[in-house]
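S.K.: Below you'll find the structure I mean.
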Amino acid sequence: MSGFNPPPYEPPVGGPQGEYDAYGTGNPYAGNPAPSATDGVSIAALVCSLTCCAAPVGIGLGIAGLVRTSGGKRSGRWAAITGLVVGSLIMAGGLAFFVFAAIMGSKTVFPDEARVGQCIGWDLFNDPEKATCSEPHYAEISSVGRFSSEQADRFEGQSVGSYCASLAPDQRYLDAVDTGEFRFGIETDAFDEDEPDEDDAFFCYVERVDEEQFDGALPAAGSSTGA
């Protein structure tokens, strides 16, 4: 009898596994690239950049994240870019603030550093700042010191004008106040300016009643230059 020889078996295109997957029982990623894991360094860059003190770390991690996610080796490049940008902005803002604070601090007249005869103005925060007496200014310091226990108690029981006048300042400050165009004010480093404690520093100053600027040394009645 004549024999029947079946044709040789040929696996389907894609190999045996491809046929196996057709029924949903094989490798679900067959023929597709496996998803890459999100880069942890890039995520860390984003987290650190949102924290003021860790912004420089976020910048460094952002740069590292860009390298690690280049060429699609890992996902999360968006986090590295965001961390780098946000960290840079926060760091730049922080540096600008410190420069601004340093400039303001160098101009501020602190009660424990003030001296009699020093002319002052007022900054954006209404704190006393250094001024030149030969140019328009708002006030001149008449007395400096620290509260004793007795002085602190006495200060709470009288007006600022009476207290500053009682410190026996130079007669020209008293004369200026007597004109009615000037008055005493006080600046202190006490936590509560109305209730200073012993050893709190202070300085008294003389300013115009209308709070306008004036030129030259006191008394300067009628010499207002306007604000």
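The values are calculated or read from the model by the stated rules, or taken from the named source; none is laboratory data. Just so it is clear, the structure is predicted and the values come from calculations on it, not from any experiment. So basically every Cβ, Gly included, is an ideal-geometry build from the backbone, and we count neighbours across all protein chains shown. Each accessible area value is taken on the protein alone, full model and side chains, heavy atoms only, with ligands, DNA and RNA left out. Shrake-Rupley method; radii C 1.70, N 1.55, O 1.52, S 1.80 Å.
S.K.: Quick one: net charge of GLN118's neighbours, Cβ under 9 Å, K/R +1, D/E -1?
M.R.: That works out to +1.
S.K.: Something else now. Chymotrypsin sites (Phe, Trp or Tyr not before Pro), restricted to the range 127-227: which are DSSP loop and have at most 11 other Cβ atoms within 10 Å?
M.R.: Passing sites in the range 127-227 are PHE191.
S.K.: What size of dipole, in debye to the nearest 20, comes out for the range 75-206 about its Cα centre when the only charges are +1 on Lys and Arg C-beta atoms and -1 on Asp and Glu C-beta atoms?
M.R.: 980 debye
S.K.: Note down, for the range 125-210, the three equivalent ellipsoid semi-axes (square root of 5 times each alpha carbon gyration tensor eigenvalue), biggest first, whole angstrom.
M.R.: Largest first, the range 125-210 gives 22, 16, 11 Å.
S.K.: So what are the ³J(HN,Hα) numbers for the range 202-211, from phi and the Karplus equation (6.51, -1.76, 1.60; θ = phi - 60°), rounded to whole Hz, Gly and Pro as x?
M.R.: For the range 202-211, the Karplus-derived couplings read 7, 8, 8, 9, 10, 9, 5, 4, 7, 6 Hz, x marking Gly and Pro.
S.K.: If you don't mind, there's one more thing I want to ask. As an exercise, identify the GluC sites (Glu not before Pro) in the range 139-198 lying in DSSP coil whose Cβ has no more than 13 other Cβ atoms within 10 Å.
M.R.: GLU198
S.K.: Here's another thing I want to ask about it. For ASP189 and VAL47, calculate 0.36 nm times their separation in residues minus their Cα-Cα distance, and state this gained length in nm to one decimal.
M.R.: Stretched out fully, the ASP189 to VAL47 stretch lengthens by 47.2 nm.
S.K.: Would you mind putting 124-131, 41-48, 53-60 in packing order, based on average other-beta-carbon counts within 10 Å, highest first?
M.R.: 41-48, 53-60, 124-131
S.K.: Moving to a separate point now. Rounded to whole Hz and in sequence order, give me ³J(HN,Hα) for the range 169-178 from the Karplus expression 6.51 cos²θ - 1.76 cosθ + 1.60, θ = phi - 60°, writing x for Gly and Pro.
M.R.: Whole-Hz 3J(HN,Hα) from phi for the range 169-178: x, 3, 4, 5, 6, 5, 5, 4, 5, 5.
S.K.: Roughly how many Å² of MET104 are accessible to a 1.4 Å probe, to the nearest 10?
M.R.: MET104 has an accessible surface of roughly 40 Å² with all protein chains in place.
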